[in-house]
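Remarks on the structure that follows.
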Amino acid sequence: MSKSARRSSRRQAVKPSDLEIPKQDFLRSHLQDLVVNAGFEALGQLLESERTAVCGPRYQHAGEARSAYRSGHAPGELVLGGRKVSVRRPRARTLKGHEVTLPSWQKFSAEDPLEDRSVEQMLLGVASRHYGRSLETLPAEVRTRSDSKSSVSRRFVTATQSKLDELLTRDLSEIPLLALMIDGVHFADHVVLLALGIDRNGFKHVLGLQEGATENATACRSLLTNLRDRGLRTDRSILASLDGGKALACAVRDVFGRRALLQRCQVHKTRNVLDHLPQSKRTSVGQALKQAYRCKDKKRAKRLLLNLARSLRTDHPGATASILEGLNETLTIKPWKLSVVLERMLSTTNAIENLISSVRRVSRRVKHWQDGSMILRWTAAGLQEAEKGFRRVRGYKNLDILEDVLRNNDRRIDGKSEDMQAA
């Protein structure tokens, strides 16, 4: 037979049209049913083997060696695929009539991932009324429950309340913080203040949250007081990066005193300045602000900002006032000679803005906020979801420079205190 004839015969032997391929949906459903039923059968065999170990082989007399006897089967429930399924479990009793707990059943029934599954689904955007539809299908003969809207809602409330309690009671005494960022996220008529810390190794930590009506000094002071009560050191200097709100700065100074080195967010300052300008001026002024903030020398950066303010004084006095307000605090970290990436990170509140974006993304499908407790629970869930993706801040290898600056500030303050006591 020639080569071409052999190739032709092979092609004819494996023609796809000659194969019997089942429909995709049919195959998927039958495979899933097969796996689930095989799992139930394996569980039944495991439980029966454990009962045999306690009661002895079926239909055989064990005499005085018998410590328990078979007692039929009883209905039970286990968690499978995000809901509870009914399972018949074998029972055994001691000679005195006490129930014998089989080890595998005790282990499987004690594991309850329902709360975690419910929270995971809802954080991914699945509505409680659609929770059941989001789960994998099970064989028709398997009885299920705990996937209704009310059941899912109750589990979600319980789980998120637990997350909130855990977040509000974290011990902060062992975290060597160098930088602190505070900002607020708005929900209807409520504001939740968030605190984010950065330690000497560049790792981020969600420190706490506080609900209020506005980003006022009282709410911020309550937040910082709570952090102090949980171990946050206020007797050491810290860099506080804020969005520019006077209430936040006032509260930080009240709690930390002179040990708080305030850095106003340059991004927020740029937005505030541009909001006072017509559209035709925003591009040029924005570029001028960017050039000033990216200067390595503080004196030159300040000179550029003052020149920009003078050029706008006559036509746009509001923009001039915005540039001059808190000007020095927007340049606090300039003289410290940090790396470019670390300076840019610490001179803005982008790190906590990203955290707030995660909270908003998680809660985007909530249409009606019932009360402040609901807001706090959803916020805590969003914060812990965001923590899963935390990475070291960019430029963390130069944080030792920031740590030296803060230590020197402590030495100056402590030195002045000793001089005042001596006098």
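The values are calculated or read from the model by the stated rules, or taken from the named source; none is laboratory data. Predicted model only: the values in this text are computed from it and were never measured. No Cβ is skipped: glycine too gets one built from the backbone with ideal geometry, and neighbour counts run over all protein chains shown.
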Practice item. Starting from region 155-176, keep only residues that are over 10 Å from Arg377 (Cβ atoms) and touching a residue at least 24 places away in the same chain (Cβ under 8 Å), then list their pairs with residues that are part of a helix (DSSP H, G or I) and β-branched (Val, Ile, Thr) whose Cβ atoms are within a distance under 8 Å, requiring at least 6 positions of separation or different chains. Key: Arg155/Val119
Revision key, fill the gap. Taking region 26-53 and keeping only residues that are among the acidic types (Asp, Glu) and modelled with pLDDT of 70 or more, one is left with Glu41, Glu48, Glu50
Check your understanding: Is at least one residue of region 331-349 over 29 Å from the mean Cα position of the chain (by Cα), closer than 25 Å to Val191 by Cα, surrounded by 15 or more Cβ atoms within 10 Å (Cβ to Cβ) and at pLDDT below 95?
Key -> no
Review point. If a residue has to be more than 16 Å from Gln384 (Cβ to Cβ) and buried (at least 22 other Cβ atoms within 10 Å of the Cβ) to count, how many in region 185-197 make the cut?
Key: 1
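Quick one: which helices (runs of 4 or more DSSP H) lie wholly within region 95-164 and hold at least 1 residues that are surrounded by fewer than 19 Cβ atoms within 10 Å (Cβ to Cβ) and at pLDDT 80 or above? Lay out the reasoning, then the answer.
Details: elements: 103-110, 114-123, 131-134.
Passing ranges, in order: 103-110.
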Check your understanding: Any idea which of Asp243, Asp229 is among the charged types (D, E, K, R) and either modelled with pLDDT of 95 or more or touching a helix residue (DSSP H, G or I) at 6+ places or on another chain (Cβ under 7 Å) (or both)?
Key -> Asp243
Check your understanding: Across region 270-296, what is the total count of residues that are surrounded by fewer than 15 Cβ atoms within 10 Å (Cβ to Cβ) and either touching a helix residue (DSSP H, G or I) at 6+ places or on another chain (Cβ under 7 Å) or not assigned by TED's automatic domain parsing to the domain that holds Ser322 (or both)?
Key -> 1
Revision key, fill the gap. Across region 342-368, the tally of residues that are in contact (Cβ under 8 Å) with a residue 24 or more places away in the chain, hydroxyl-bearing (Ser, Thr, Tyr) and part of a helix (DSSP H, G or I) stands at 1
Practice item. Please specify each residue of region 179-224 satisfying the condition of being in contact with a strand residue (DSSP E or B) (Cβ under 8 Å, 6 or more places away or on another chain), outside any strand (DSSP E or B) and basic (Lys, Arg). Key: Arg200
Check your understanding: Could you count how many residues in region 239-269 are surrounded by fewer than 22 Cβ atoms within 10 Å (Cβ to Cβ) and either part of a loop (DSSP other than H, G, I, E, B) or among the β-branched types (Val, Ile, Thr) (or both)?
Key -> 4
